[in-house]
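Down below is the structure, laid out as structure tokens.
The values are calculated or read from the model by the stated rules, or taken from the named source; none is laboratory data. Quantities reported herein were computed from a predicted structural model and do not represent experimental measurements. Please note: Cβ atoms are built from the backbone with ideal geometry, for glycine as well, and neighbour counts cover all protein chains shown.
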Amino acid sequence: MTMRRAAFAFGALACAGAISVACGSSSDDAGAPLDGGTDGDISDSHADVSPIADSSLPAPKIPHVIVIVMENHSFDTYFGRYCTAPAGSNPACTTGPSCCEAAPDVDPNGVAPTTLDDAQNGGRDPNHTQACELSEMNDGGMDRYTMGASCSNAENFAVAAPDGVAKPYLDLASQNALADRYFQPIVGQSSSNDMYFAAANWVFTDNAYEPAATGHGCSDPFVQTITYTGKTTVADVLIDAGVSFRYYAMGFDAMYAVPYTACPSPPPDCQISAPTLPCTYDPGDVPFEYYQQFQNNHALMKDYDDDFVPAVANGTLPAVSFLKAVTYRNEHPGYGDTISKGVTFSTGVVTMIQNSPIYAKNTLILITWDEGGGFFDHVTPPGPSSIDNQPYGTRVPLLAIGKFAKKNYVSHVVMEHSSIVKFLEENFLGKTGQLGMRDTVVNGIDDLLSE
């Protein structure tokens with residue numbers, strides 16, 4: 001996402017419970033009838049169920065799936081010096097770093113990359129609005145990220161050193177499976193891309209809206225809020241079939257522990273020490289919060305520290321878990337946010353599961369990034385989707401980790417966030433295309449998985 005304007009407690013008051021031109025919901029280019037959302041708890045339309053409650057469903061090959069969504073880095077930024085095949089060589093092999101393309105030594109303008117480290121990441125948040133990136137992508141030329149567009153900047157071409165801050169991800173790739181043709185599903189900012197995890201379809205562009213859920217005033221009190229009613233997400237399909245689902249967000253409980261018109265105190269290790277982004281929970285990072293059946297629904301929306309960690313220890317994980325760290329721990333560029341804190345979060349989850357006597361042998365972990373964050377990537381995306389005609393953005397990494405993942409494997413199959421939706425349908429329901437959107441046409445993630 002692009003960091004929204006700072007909103008301290010007094011800013012939250014501006015939109016507390018309001019439905020207005022500035023903060024409320026309306027009918028507009030989001031493409032669906034909208035109504036004003038409530039900020040109190042709604043009745044739980046999805047009861048808590050066991051991991052797989054419907055005995056008529058086929059037994060899932062993979063009983064537990066955890067999806068970790070990090071922020072705003074292209075494939076080249078992290079894996080550009082892990083992969084060693086020449087840029088543009090399109091290797092057909094699939095074993096190890098020699099089977100994926102390195103970032104070029106210079107971009108099409110002759111600009112060499114800066115080294116992506118914690119200081120560089122925290123010092124600048126590249127422009128990654130759709131208008132900017134379409135200009136930089138230049139109809140697939142990928143040649144205006146460093147110069148030639150109004151938002152070009154030489155620091156948009158940044159690549160982590162192979163022994164630098166991203167090394168734990170490179171180590172995970174060497175031990176598991178990596179997708180090198182996994183694209184963000186739409187050009188532009190985080191929220192629009194996150195929606196594909198829920199709906200496998202275009203919902204809105206950029207960070208056009210915040211959900212009308214508790215916490216929206218602590219991220220940007222000036223953005224319109226929105227609630228979608230009568231819309232089906234992949235979580236609905238799973239839950240209605242008896243497959244348990246939870247979304248675990250860091251900082252969720254802290255947001256709900258304070259009065260609605262206030263924002264929680266920042267954690268002591270958040271660098272800006274303010275009760276706003278990047279230190280606090282942002283419902284705009286959670287695609288399911290935009291839908292009425294999930295908005296402020298404490299049966300399905302859970303806290304990472306208070307709920308996910310104990311669930312792993314107690315053996316009570318649902319079949320499907322989505323995980324989101326608070327912004328300063330999800331690698332989002334700018335505002336002093338470090339990659340190291342994000343790596344500590346994501347690899348900590350991996351270690352927790354690998355050390356679990358309950359979940360180590362029956363869980364697949366997927367780590368991906370919501371979008372490329374305005375950073376250069378040298379691979380031209382595919383053409384617009386035939387389903388919603390929206391343009392694909394840059395590649396982002398996808399790692400498949402655990403017993404069910406191939407080892408030291410590089411997949412060249414074209415995928416995107418809707419591919420994860422398709423996989424969840426196939427694994428737990430035995431059939432795909434349940435949403436009738438991109439899940440009907442995209443490739444699944446099967447190529448990353450062992451037989």
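Scanning the range 226-255 for residues that are of a type in the set (Ser, Thr, Tyr) and farther than 23 Å from Asp388 by Cα returns Ser244, Tyr247, Tyr248. Take Asn193 and tell me if it is in contact with a Pro (Cβ under 8 Å, 6 or more places away or on another chain), surrounded by fewer than 20 Cβ atoms within 10 Å (Cβ to Cβ), closer than 23 Å to Arg124 by Cα and not hydroxyl-bearing (Ser, Thr, Tyr). When the stated conditions are applied, Asn193 does not pass them. Output the residue which, of all residues in the range 225-240 that are over 26 Å from Val309 (Cα atoms) and not β-branched (Val, Ile, Thr), is surrounded by the fewest Cβ atoms within 10 Å (Cβ to Cβ). Filtering first and then ranking leaves Gly230. For the range 353-364, the tally of residues that are part of a helix (DSSP H, G or I) and either touching a Ser or Thr at 6+ places or on another chain (Cβ under 8 Å) or β-branched (Val, Ile, Thr) (or both) stands at 1. Within the range 424-448, residues that are within 23 Å of Leu178 (Cα to Cα) and part of a loop (DSSP other than H, G, I, E, B) have Cβ atoms under 9 Å from residues that are at pLDDT below 95 and of a type in the set (Asp, Glu) in no pair, counting only partners at least 6 apart in sequence or on another chain. Residue check: Ile367 meets all listed conditions (1) surrounded by fewer than 18 Cβ atoms within 10 Å (Cβ to Cβ); (2) hydrophobic (A, V, I, L, M, F, W, C); (3) touching a helix residue (DSSP H, G or I) at 6+ places or on another chain (Cβ under 7 Å); (4) outside any helix (DSSP H, G or I) but one, namely (1). Among the candidates Ala177, Ala158, Ala149, the residue that is surrounded by 20 or more Cβ atoms within 10 Å (Cβ to Cβ) and under 13 Å from Thr77 (Cβ atoms) is uniquely Ala158.
Summed over the range 320-352, residues that are assigned to a strand (DSSP E or B) and polar (S, T, N, Q) total 1.
Within the range 382-401, the residues that satisfy the criterion of being closer than 26 Å to Val65 by Cβ and either in contact with a Gly (Cβ under 8 Å, 6 or more places away or on another chain) or small (Gly, Ala, Ser) (or both) are Ser385, Tyr392, Gly393, Thr394, Arg395, Val396, Ala400.
Yes/no matrix, rows are residues, columns are (1) in a loop (DSSP other than H, G, I, E, B); (2) hydrophobic (A, V, I, L, M, F, W, C); (3) more than 26 Å from Asp370 (Cβ to Cβ):
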{"residue": "Val67", "(1), (2), (3)": "no, yes, no"}
{"residue": "Tyr78", "(1), (2), (3)": "no, no, no"}
{"residue": "Arg81", "(1), (2), (3)": "yes, no, no"}
{"residue": "Ser89", "(1), (2), (3)": "yes, no, yes"}
{"residue": "Ser98", "(1), (2), (3)": "no, no, yes"}
{"residue": "Ala103", "(1), (2), (3)": "yes, yes, no"}
{"residue": "Asn109", "(1), (2), (3)": "yes, no, yes"}
{"residue": "Ala112", "(1), (2), (3)": "yes, yes, yes"}
{"residue": "Ala119", "(1), (2), (3)": "no, yes, no"}
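For the range 134-149, the set of residues classified as in contact with a helix residue (DSSP H, G or I) (Cβ under 7 Å, 6 or more places away or on another chain) and without any contact (Cβ under 8 Å) to a residue 60 or more places away in the chain consists of Arg144, Ala149, listed by residue number.
Note on the range 304-335: residues that are within 30 Å of Gly123 (Cβ to Cβ) and not polar (S, T, N, Q) total 14.
Taking helices (runs of 4 or more DSSP H) as the structural unit, those lying wholly within the range 152-260 and holding at least 2 residues that are within 19 Å of the chain's Cα centre (by Cα) and in contact (Cβ under 8 Å) with a residue 60 or more places away in the chain correspond to 167-175, 190-199, 234-240. Here the condition is being touching a Cys at 6+ places or on another chain (Cβ under 7 Å), within 20 Å of Pro381 (Cβ to Cβ) and among the hydrophobic types (A, V, I, L, M, F, W, C); of Cys132, Cys99, Cys93, it holds for Cys132 alone. Taking the numbered list (1) under 15 Å from Glu416 (Cβ atoms); (2) without any contact (Cβ under 8 Å) to a residue 40 or more places away in the chain in turn, Thr394 passes all entries but (2).
Might you check whether a residue that is at pLDDT below 95, outside any helix (DSSP H, G or I) and more than 24 Å from His128 (Cα to Cα) occurs anywhere in the range 296-305?
Yes: the range 296-305 contains one or more residues that are at pLDDT below 95, outside any helix (DSSP H, G or I) and more than 24 Å from His128 (Cα to Cα).
The residues in the range 402-422 that are touching a Gly at 6+ places or on another chain (Cβ under 8 Å), on the phi < 0 side of the Ramachandran plot and either surrounded by fewer than 21 Cβ atoms within 10 Å (Cβ to Cβ) or β-branched (Val, Ile, Thr) (or both) can be counted, and the count is 1.
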